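Asker: First the structure, which I've put down as structure tokens, then a few questions once you've had a look.
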Amino acid sequence: MTKIGFIGAGTVGTALAVRLSQEGCPVAAVSSQNLSSAQRLAKLVTNCQACHTGQEVADIAELVFITTPDDVISQVAAEVHWHARQDIAHCSGAHSVDILEPARQLGANTGSFHPLQTFASVDQAVENLPGSTFALEAAEPLLSRLKELASILKGNWVELKPGNKVLYHAAAVFVSNYLVTLVKLALDLWQDFGVSQREATRALLPLLKGTVNNIDNVGLPDCLTGPIARGDMGTISKHLSALEVKSPPLFTTYKELGLQTIPIALAKGKIDESRAEELKALLSS
């Protein structure tokens with residue numbers, strides 16, 4: 001079975017290494033900028049060697065994942081002397097495979113393997129990986145190997161073409177990172193009427209989980225609920241009046257999000273074009 005190595009022992013690299021090892025894949029070597037980080041990862045998997053350099057990993061492993069911070073990937077690709085027909089894949093969500101050009105010029109097969117998942121901690125990431133989608137960019141034969149690994153990790157895969165990666169990653173930022181921002185903005189509003197952040201989080205989480213369940217089980221656009229889905233001008237006017245006084249920055253954010261929501265409401269069919277225009281006028285004023 002193919003020996004796998006990791007250059008970079010952060011949360012992403014550790015989670016992938018641990019899960020692959022649990023699924024029976026031989027994770028043979030790991031390196032990191034700090035040897036102690038590599039040693040910590042090596043202790044979590046079976047028969048894994050903590051290496052001092054990325055070159056040591058490349059000399060041991062047949063498939064190497066570069067799981068360093070994004071800004072270091074090109075440096076690793078240029079500094080390591082890769083072997084012909086060796087498989088190299090980075091795990092960046094934003095960068096395309098062309099960042100590995102130095103490795104390709106040495107005869108290596110290059111690709112990218114990005115888990116579309118949030119990595120807040122190693123334990124949580126290991127738990128979250130099954131069922132995730134992996135964004136793949138590679139030519140054969142590496143592409144088939146990466147598809148196989150996605151399946152081994154009990155995930156799905158999507159193949160991206162050159163130039164797709166930036167918008168793909170921006171979409172992930174909207175769904176994951178900016179969702180956290182929206183929750184934070186909601187929690188701030190609850191504190192205005194004397195509810196602690198912890199209590200507000202407990203209260204809002206079932207609503208958040210219910211919304212995600214509706215997206216999954218009902219789907220867009222029918223999962224949309226709320227005043228814009230109903231065309232409820234009066235409620236939206238009250239929201240705008242309150243936000244303009246209490247939180248002017250959120251007043252602007254609410255209007256922009258509302259304008260982006262109107263097409264979804266129209267597609268759901270609960271409002272007509274006339275009410276949609278009235279909503280646009282209200283939210284643009």
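Asker: Need one number: the % of Cα-Cα pairs in region 121-206 sitting beyond the 20 Å mark.
Answerer: Result: 56 percent of Cα pairs exceed 20 Å.
Asker: Just the number please: accessible area per residue for region 160-285, 1.4 Å probe, all protein chains included, in Å².
Answerer: Per residue, region 160-285 has an accessible area of 66 Å².
Asker: Run the simple label-point estimate for residue 284 and residue 85 please: 7 Å along Cα→C-beta, distance reported in nm.
Answerer: That separation, rounded to one decimal, is 6.3 nm.
Asker: Projected onto the charge dipole of the chain (+1 at Lys/Arg Cβ, -1 at Asp/Glu Cβ, origin at the Cα centre), which of 53, 220, 135 gives the Cα projection farthest towards the positive end?
Answerer: Value computed over the given set: 220.
Asker: What order do you get for 28-38, 199-209 when each peptide is scored by the mean count of other beta carbon atoms within 10 Å, highest first?
Answerer: Taking the mean over residues of other Cβ atoms within 10 Å, the ranking is 28-38, 199-209.
Asker: Can you flag which of 3/154; 184/246; 147/268 are past 27 Å Cα-Cα?
Answerer: 147/268
Asker: Determine, for each peptide in 243-254, 113-124, the mean count of other beta carbons within 10 angstrom over its residues, then list the peptides with the highest first.
Answerer: Peptide ranking by packing, descending: 113-124, 243-254.
Asker: Would you grab the residues whose amide H sits under 5 Å from the one on residue 156? Only those 5+ places off in sequence or on another chain, please, with H modelled 1.01 Å from N.
Answerer: Amide H neighbours of residue 156: 131, 132, 133, 134.
Asker: Another one. Among bridges DSSP assigns within the chain, what percent are antiparallel (round to 5)?
Answerer: Counting only bridges with both partners in the chain, antiparallel ones make up about 20 percent.
Asker: Count charges around residue 232 for me, please; just the other residues with Cβ under 12 Å from its Cβ, Lys/Arg as +1, Asp/Glu as -1.
Answerer: Result for the local shell: +3.
Asker: Shifting gears a bit: In Å and whole numbers, how far do the C-alpha atoms of region 154-248 stretch along each principal axis, longest first?
Answerer: Projected onto its principal axes, the Cα set of region 154-248 covers 47, 32, 26 Å.
Asker: Determine how large the accessible area of residue 157 is when every protein chain is in place; take a 1.4 Å probe and give Å² rounded to the nearest 10.
Answerer: Near enough 110 Å² of accessible area.
Asker: Measure off, as a whole percent, the carbon and sulfur share of the 1.4 Å-probe accessible area of the chain, all protein chains present.
Answerer: Summing carbon and sulfur atoms, their accessible area is 55 percent of the total for the chain.
Asker: All other residues with a Cβ under 9 Å from the Cβ of residue 265 taken together, and with Lys, Arg as +1 and Asp, Glu as -1, what is their net charge?
Answerer: +4
Asker: Pick out, from 180, 151, 119, the residue whose Cα sits farthest towards the positive end of the charge dipole of region 119-196, with +1 on the Cβ of Lys and Arg and -1 on the Cβ of Asp and Glu.
Answerer: So the residue furthest toward the plus end is 151.
Asker: Expressed as a rounded percentage, what relative contact order does the chain have, with Cα pairs under 8 Å and six or more residues apart?
Answerer: It rounds to 11 percent for the chain.
Asker: Toward the positive end of the charge dipole of region 1-110, about the Cα centre and with charges on Cβ (Lys, Arg +1; Asp, Glu -1), which of 27, 109, 73 goes farthest?
Answerer: 27
Asker: Hey, could you grab the Kirkwood Rh for the chain? Inverse mean 1/r over distinct alpha carbon pairs, Å, one decimal.
Answerer: About 21.5 Å for the chain.
Asker: Among residues other than residue 112 whose Cβ falls under 14 Å from its Cβ, what is the net charge (Lys/Arg +1, Asp/Glu -1)?
Answerer: Charge balance in the 14 Å sphere: -1.
Asker: Let me ask you something else. Where in the chain are the DSSP H helices whose alpha-carbon span along the long axis reaches 18 Å or more and whose Kyte-Doolittle mean is at least -1.0?
Answerer: Correct list, ordered by number: 178-192, 197-217, 233-246, 248-268.
Asker: Now a separate question. Along the Cα→Cβ direction, 7 angstrom out, place labels at residue 123 and residue 238. What is the inter-label distance in nm?
Answerer: Computed distance between label sites residue 123 and residue 238 equals 4.3 nm.
Asker: For residue 101 and residue 204, calculate 0.36 nm times their separation in residues minus their Cα-Cα distance, and state this gained length in nm to one decimal.
Answerer: Gain on stretching residue 101 to residue 204: 32.4 nm.
Asker: So what is the relative contact order of region 109-164, in percent, for Cα pairs below 8 Å that sit 6 or more residues apart?
Answerer: Here the relative contact order equals 38 percent.
Asker: A further question follows. Rounded, prolate or oblate for region 1-145? Axes are the square roots of the Cα gyration tensor eigenvalues, ordered a ≥ b ≥ c, and the cut-off for rounded is a/c under 1.5.
Answerer: Here region 1-145 falls in the rounded category.
Asker: Just how large is the dipole of the chain about the Cα centre, in debye to the nearest 20, putting +1 at every Lys and Arg Cβ and -1 at every Asp and Glu Cβ?
Answerer: Computed about the Cα centre, the dipole is about 560 debye.
The values are calculated or read from the model by the stated rules, or taken from the named source; none is laboratory data. Keep in mind that this is a model prediction, so the values were computed, not measured. Neighbour counts are summed over all protein chains in view; Cβ atoms, including those assigned to glycine, are modelled from backbone coordinates with ideal geometry. Heavy atoms of the whole protein, side chains included, go into the accessibility calculation; ligands, DNA and RNA do not. Shrake-Rupley method; radii C 1.70, N 1.55, O 1.52, S 1.80 Å.
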